[in-house]
1. Would you mind estimating how fast the stretch 50-131 diffuses translationally, via Stokes-Einstein at 20 °C and 1.002 mPa s with the Kirkwood radius over Cα pairs, in µm²/s?
2. If neighbour count is taken as other Cβ atoms inside 10 Å, put Met87, Met93, Met2 in order from fewest to most.
3. Select from the chain the helices, each a whole stretch of DSSP H, whose alpha-carbon atoms run 20 Å or more along the helix axis and whose Kyte-Doolittle mean is at least 0.5; answer none if there are none.
4. Fewest first, what order do Thr129, Thr3 take by the number of other Cβ atoms within 10 Å?
5. Which is the longest stretch in the chain that no exposed loop site breaks, taking sites as GluC sites (Glu not before Pro) with a DSSP loop state and at most 11 other Cβ atoms within 10 Å?
6. All other residues with a Cβ under 15 Å from the Cβ of Val48 taken together, and with Lys, Arg as +1 and Asp, Glu as -1, what is their net charge?
7. Please give the FRET efficiency for Glu29 paired with Arg92, using the beta carbon to beta carbon distance and R0 = 35 Å, rounded to the nearest 0.05.
8. Find the relative contact order for the stretch 8-158 and round it to a whole percent, using C-alpha pairs within less than 8 Å whose residues are 6+ positions apart.
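Just so you know, all these numbers are worked out from the coordinates, no wet-lab data involved. All figures in this text were calculated on a predicted structure; none of them were measured in a lab. Every residue, glycine as well, gets a Cβ built from its backbone with ideal geometry; the counts of neighbours run over all protein chains shown.
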Amino acid sequence: MMTNPDWYAHWRAEAVDQLNDKNRRLQDEFRLGGWSRYDYDLTSGKLVFSDEKVIKIIAEIQVAGSTSVKAGNWLWAWSNSNLPGEMLFDARMVRSFGEENGIDELAQPYVTDARDDLEVLGWELSATTVRICHAVGVYRSPRGEGGGLYLIIKSIAWAT
């Protein structure tokens, strides 16, 4: 059983509301979700959105974590040995925040959801990451076996 401080549930709910506002702004300003193609490169830390093979939007990213339908859980990026170290800075900040504040779900590698809704869990934990790391939004990339990879958007701009 994971334990968390009394204030954390409300704080996390505020983080979700803040992320919803941030992602709405990204949709309005950059048409996120409306481009015909997206690609991410975990070596360069870039997420690009294209239309007709022309890059339109470039975002700097970090990885928060991923959900797996097969495993039935969330895996923090800081605990995923398949990810390059330079993509884990924000996730490591979240882990430290969790350790300092006694928030088990931020400090343990895997998180399961009592409600059995991995999609909601992924967005909630990503929202927490955005709040702690002062990011501008999140993009969720679907994974082949089900679940998603949650990419934290650090900065975003129109391609020039």
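1. Details: Rh = 13.7 Å.
It comes out at roughly 157 µm²/s.
2. Working: Met87 22, Met93 17, Met2 12.
Lowest to highest Cβ neighbour count: Met2, Met93, Met87.
3. Numbers: long enough: 8-30 (32 Å, -1.49); 118-133 (22 Å, 0.85).
Correct list, ordered by number: 118-133.
4. Listing Thr129, Thr3 from fewest to most nearby Cβ atoms yields Thr3, Thr129.
5. On the way: sites that count: Glu52, Glu145.
So the longest stretch without any such site is 53-144.
6. Numbers: positive: Arg31, Arg37, Lys46, Lys53, Lys56, Lys154; negative: Asp39, Asp41, Asp51, Glu52, Glu60.
Computed value for this residue: +1.
7. Values: r = 29 Å, r/R0 = 0.83.
Efficiency computed from Cβ-Cβ geometry: 0.75.
8. Numbers: 278 pairs, mean separation 42.9, N = 151.
After rounding, I find 28 percent.
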